Amino acid sequence: MNAASASRQDAQAPAPLCPACGAPVVSIDTSVEVKYRVHYAITAQDLEVICEQVGDSGWDEETTAECDACGWHGTVGDLLAGR
C-alpha cells in the first residue's frame, strides 16, 4: 500500500461519534407524521387507504440519541459538542 492509497482509506474511515466509546454509528430517535385518506370498502368491510401523505421529519440538538454499541444515551447536541 502506498501513501496515496493509505490517505484515501483514512479519508473514508468513519469518524468516532459516540462520546463514550467512540463508535462511528449511533441511533437518533425521531418521528414522522403520516396523513391517510381512507374510505369504507364495502367488499372488505373495512377502511381502505386511498392516499397517504408523509410529512417531514428531522431532529435538533435536543433530540434523543443512543449508542447501540455501549448503551450511551444523550442528545444530538451531546454528539456535536466540540466539533
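Quick note: the coordinates plus some simple rules give every number you see, no bench work behind them. Only a predicted model underlies this, so the values are computations on that prediction, with no experimental measurement involved. FYI the Cβ positions are ideal-geometry reconstructions off the backbone, even for glycines, and counts take in every protein chain you see.
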In degrees rounded to 10, the 0-90 angle between helix 3-12 Cα long axis and the longest Cα principal axis of the chain is 40 degrees
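Rounded to whole Å and ordered largest first, report the semi-axes of the equivalent ellipsoid of the range 19-60 derived from its Cα gyration tensor (root of 5λ). Numbers along the way, then the final one.
Numbers: eigenvalues 310, 29, 7 Å².
Sorted largest first and rounded, they come to 39, 12, 6 Å.
If you take the Cα atoms of the chain, find Rg, then find the Kirkwood Rh from the mean of 1/r over all pairs, what is Rg/Rh?
Working: Rg = 21.5 Å, Rh = 16.7 Å.
In the chain, Rg relative to Rh is 1.29.
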Computed about the Cα centre, the charge dipole of the chain from +1 Lys/Arg and -1 Asp/Glu charges at the Cβ has a magnitude in debye, to the nearest 20, of 360 debye
Contact order relative to length for the chain, counting C-alpha pairs under 8 Å separated by 6 or more residues, stands in percent at 26 percent
